[in-house]
Amino acid sequence: MKTKHSTVLIAVLAALTSTAHAQEKMLHKDEADLETLLITASPISRTVLQSSTPVSILSGEELDQNQAATLGDTLSNVPGVRSSYYGPVASSPIIRGLDGPRIKVVQNGLDAADASRVGPDHQVATETSTASQIEVLRGPATLLYGSGAIGGVVNVVDNRLPAQRQEGLTGEVFAQYDNVADAKTVSTDLNMGSGDFVFHVDGYNRKTDDYKIPVPANVDDDGGSGELDNSSVSAHGFNLGGGWITDDTRVALSYGRMDSEYGLPVEEDVYIKLKQDRYQAVVDWKNLDGFFEAVHFQNGFTDYEHTEFEGEEVGTTFKNKSVESRLWVDHQVVAGWKGVMGAHYNYSDASALGEEAFSPPTKTNSIAAFVMEEHESGPLLWQLGARVETLTHDVDNSFYDQLDTNNSISFNDKDYTSFSGSAGVVWSLNDQHSLAFNYAYSQRAPSASEMFSYGPHVGSQTYEIGGGFNIDEQNGVYSVNQAPSSLNKEESNNIDLTYRYQNDTWNATASVFYNQVGDYIFEQSTGLVYAGGELITAENYAANVALNGEYEEETDGLSVINFEQQDAKLYGFEAQVDVHMTEALRWEVFSDYTRAELDEGGNVPRIPPLRVGSSLHYEQGNWHGEVEVVRNSKQDKITAYETDTDGYTMWSAAANYYLPLDALDMTFYLKGSNLTNEEGRVHSSYVKDEVPLPGRSVSLGVRARF
């Protein structure tokens, strides 16, 4: 990384010694972006204003301002999107209260293929510092991405697969320091081309110590500020890509490598080493004669592995080898309808081996066919789509031989056929007002971990028992037995209504949604504790500790959860208003809320609370300043064995200075977060009572574009 540091230093010295006159640089959210930014996560080229489902795109200066070390934190202030929190690395997106296997995280349209959908304490294997835009599709996006997108999609887009020709060299270099964890980050993104050939290279390096917290880590402890033990991070990676691009053809290939080492704050002396090799390829044939006007072919292979170390000893190793292919064609207009049809294949070979493996090795195959169509009739843009998918889980039953159980456990292959369909319309009332309505019916097959889990998941401080098992009690003794039937498919009926308004000074969006989910799968806390190789009540566990002292094994004392099913409904809203009050002053306010209830009574567990945020931006010449406040309300709509989470308010402020040079655009910035050093705990996290959010931080950075 020495070369990156040197490049940044040279750029900074050039900016400080230059006598060039700075040109005015205004930072606003350009309403025109809504009309020009294409949603690459959709095979039909749509803009945000043309989508019947709510979509947000972070790009350009807005992405720069919100960029954080993790994907979840980068998106944490997008309306309708929250972030789980299991430490400074394990922070993944939650969309409208849904996370895990219901949210698909993709890189350039193909699955990230990591372990974050299995365990929220695992890192999302994407990098935001080298992204060109990040797209969030709220609500079901199952037509293109499958049943794993029943709650939404996050697509991280970068330039590793070149899409346009260019001449010469362009790129950027970025460096940042943050005092909350003595964090140092550098990255670079370079693109070069000549004629029909384009090449790309990017890389990053991040190093942090344990981060500062405003209160003791454990919510029950007294005292002042300190550091969160075992929360340091060391990560680096790179991507190489190249493409041959003509007016009619595009062929692009890429290879990426990610390495990361980070601690698990809830486990003393336990850390994870992660590595991922990712290969992607895309082929586009355009301007074809005949019924099919274009053909698109995406392929990806990912080799992912992370190992949990206990001191110097190997604990548990997670592996996932994934192959994914998507082929679709654009067809000519038929009776006024134009769209795409295609096929999608995905194969995953996932395993967890070691003393703390909580799910058996499983091979998952899925194959699907889909169609998406559009029809424009005056002010109405109609959108229809359908998908049928078959999925098979092939579980390795030898995993259960190691369990201390008197019962034989053996699962046959689990086969599911899922159907999804949607119908939507965008009504452009005039140049300023539009309404969008979308109905989606989606089915989701249970994931392998939801079905087959049986073991300790120390990172989330839980002992997980999948829906393929029942917990039985007889005379105060608890046993786990294979269930006579499998988990059913989830069936979601989701309705979205979105209003959009924009003029020269105003930009407003408001969405309401209602999602009725049949056979909703959720992790139900049982009130039991795993200790001494058996399941006992929390009361008996506390009495044993008081009488005999602490248990010896680190897996003792884990809360037992069981994957259960029940009909549920989730409903709520997102709203955002952006007002240019003057040429120099801009005000923004947003809010989101999700209410989630079980039909038999009670609440869906770990749902984020109401949130309201506001920011004021001032722009003058080459300066930009902003102040932001975000209020997370108290969450007391909880389930049994779940605890309330207090509300908290986060203040932040930032100042940017832009210095354009002849061949270089420099941006210097200073940013303060959690300025009041507020205690914040994320309700959706199992470890919220042991892992608070970071305390007051000040970051200093520079970005050079050329």
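The values are calculated or read from the model by the stated rules, or taken from the named source; none is laboratory data. Predicted model, so just to flag it, every value in this text is computed and none were measured. Methodologically, a virtual Cβ is constructed for each residue, glycine included, from the backbone with ideal geometry; neighbour enumeration extends over all protein chains shown. Areas reflect the complete protein model, heavy atoms only, side chains present, ligands, DNA and RNA absent. Shrake-Rupley method; radii C 1.70, N 1.55, O 1.52, S 1.80 Å.
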Next item on the list: Restricting attention to strands (runs of 3 or more DSSP E) lying wholly within the range 444-499, give those where 3 or more residues are open to solvent by 10 Å² or more (accessible area, probe 1.4 Å) and within 28 Å of Ile536 (Cβ to Cβ).
Entry: 469-474, 477-482
Next item on the list: Select from the range 584-616 the residues that are without any contact (Cβ under 8 Å) to a residue 60 or more places away in the chain and not in a strand (DSSP E or B) and write down the one among them that is nearest to Arg82 (Cα to Cα).
Entry: Leu610
Item checked: Residue check, Val630 at pLDDT 95 or above, open to solvent by less than 20 Å² (accessible area, probe 1.4 Å), of a type outside the set (Asp, Glu) and assigned to a strand (DSSP E or B) -> yes
Note to self: So, in the range 636-667, exactly how many residues are under 20 Å from Pro692 (Cα atoms) and either touching a Lys or Arg at 6+ places or on another chain (Cβ under 9 Å) or aliphatic (A, V, I, L, M) (or both)?
What the structure shows: 11
Margin query: Going through Ser116, Ser91 one at a time, which residue ends up being part of a loop (DSSP other than H, G, I, E, B), touching a Gly at 6+ places or on another chain (Cβ under 8 Å) and within 30 Å of Tyr463 (Cβ to Cβ)?
Written below: Ser91
Next item on the list: Kindly provide the set of residues from the range 232-265 that are within 24 Å of His457 (Cα to Cα), open to solvent by less than 40 Å² (accessible area, probe 1.4 Å) and not in a strand (DSSP E or B), ordered by number.
Entry: Leu264, Pro265
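Inspect all residues belonging to the range 103-117 and state whether any of them is of a type in the set (Ser, Thr, Tyr) and more than 28 Å from Lys569 (Cβ to Cβ).
no
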Note to self: List pairs: first residue in the range 219-235 and in contact (Cβ under 8 Å) with a residue 40 or more places away in the chain, second residue part of a loop (DSSP other than H, G, I, E, B) and of a type in the set (Gly, Ala, Ser) anywhere in the structure, Cβ distance under 7 angstrom, at least six positions apart or on different chains.
What the structure shows: Ser225/Gly695; Leu228/Ala217; Ser231/Gly87
Note to self: Every residue in the range 517-529 that is touching a helix residue (DSSP H, G or I) at 6+ places or on another chain (Cβ under 9 Å) and either polar (S, T, N, Q) or surrounded by 15 or more Cβ atoms within 10 Å (Cβ to Cβ) (or both), please.
What the structure shows: Ile521, Glu523, Leu528, Val529
Checklist line | Candidates Asp64, Asp99, Asp121 - the one that is on the phi < 0 side of the Ramachandran plot, of a type in the set (D, E, K, R), at pLDDT below 90 and open to solvent by less than 10 Å² (accessible area, probe 1.4 Å) | finding: Asp121
Item checked: Subset tally (residues that are in contact with a Lys or Arg (Cβ under 7 Å, 6 or more places away or on another chain) and either of a type in the set (Phe, Trp, Tyr) or within 30 Å of Leu380 (Cα to Cα) (or both)) for the range 56-74 -> 0
Item checked: Filter result for Glu376 (at pLDDT below 95 and either open to solvent by 70 Å² or more (accessible area, probe 1.4 Å) or of a type in the set (Asp, Glu) (or both)) -> yes
Next item on the list: Check off (1) among the hydroxyl-bearing types (Ser, Thr, Tyr); (2) touching an Asp or Glu at 6+ places or on another chain (Cβ under 8 Å); (3) in a strand (DSSP E or B) for Ser684 and give me the number that stays unchecked.
Entry: (3)
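Each row is one residue, and each column tells you yes or no for (1) hydrophobic (A, V, I, L, M, F, W, C); (2) under 30 Å from Val295 (Cα atoms); (3) modelled with pLDDT under 80; (4) open to solvent by 30 Å² or more (accessible area, probe 1.4 Å).
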position: Ala15; (1), (2), (3), (4): yes, no, yes, no
position: Glu31; (1), (2), (3), (4): no, no, yes, no
position: Glu35; (1), (2), (3), (4): no, yes, yes, yes
position: Thr40; (1), (2), (3), (4): no, yes, no, yes
position: Gly60; (1), (2), (3), (4): no, yes, no, yes
position: Leu75; (1), (2), (3), (4): yes, no, no, no
Notebook entry, point to check: Taking the range 683-699, which residues are of a type in the set (A, V, I, L, M, F, W, C), open to solvent by less than 20 Å² (accessible area, probe 1.4 Å) and within 19 Å of the chain's Cα centre (by Cα)?
Noted result: Val687
Next item on the list: For the range 556-610, enumerate the residues that are open to solvent by 30 Å² or more (accessible area, probe 1.4 Å), closer than 30 Å to Gly621 by Cβ and acidic (Asp, Glu).
Entry: Glu583
Check: Which condition does Ile44 not pass, out of (1) open to solvent by 10 Å² or more (accessible area, probe 1.4 Å); (2) touching a Phe, Trp or Tyr at 6+ places or on another chain (Cβ under 9 Å); (3) outside any strand (DSSP E or B), if it passes all the others?
Finding: (2)
Notebook entry, point to check: Which of the residues that make up the range 408-427 are of a type in the set (Ser, Thr, Tyr) and open to solvent by less than 60 Å² (accessible area, probe 1.4 Å)?
Noted result: Tyr416, Ser418, Ser420, Ser422
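Criterion first (closer than 27 Å to Arg444 by Cα, out of contact with any Cys (no Cβ under 6 Å at 6 or more places or on another chain), open to solvent by 20 Å² or more (accessible area, probe 1.4 Å) and part of a strand (DSSP E or B)) does Val512 satisfy it? Explain how you work it out, then say what you get.
Working: closer than 27 Å to Arg444 by Cα: yes; out of contact with any Cys (no Cβ under 6 Å at 6 or more places or on another chain): yes; open to solvent by 20 Å² or more (accessible area, probe 1.4 Å): yes; part of a strand (DSSP E or B): yes.
So Val512 passes the test.
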Item checked: Failed criterion for Asp229 (all others in (1) surrounded by fewer than 16 Cβ atoms within 10 Å (Cβ to Cβ); (2) in a strand (DSSP E or B) hold) -> (2)
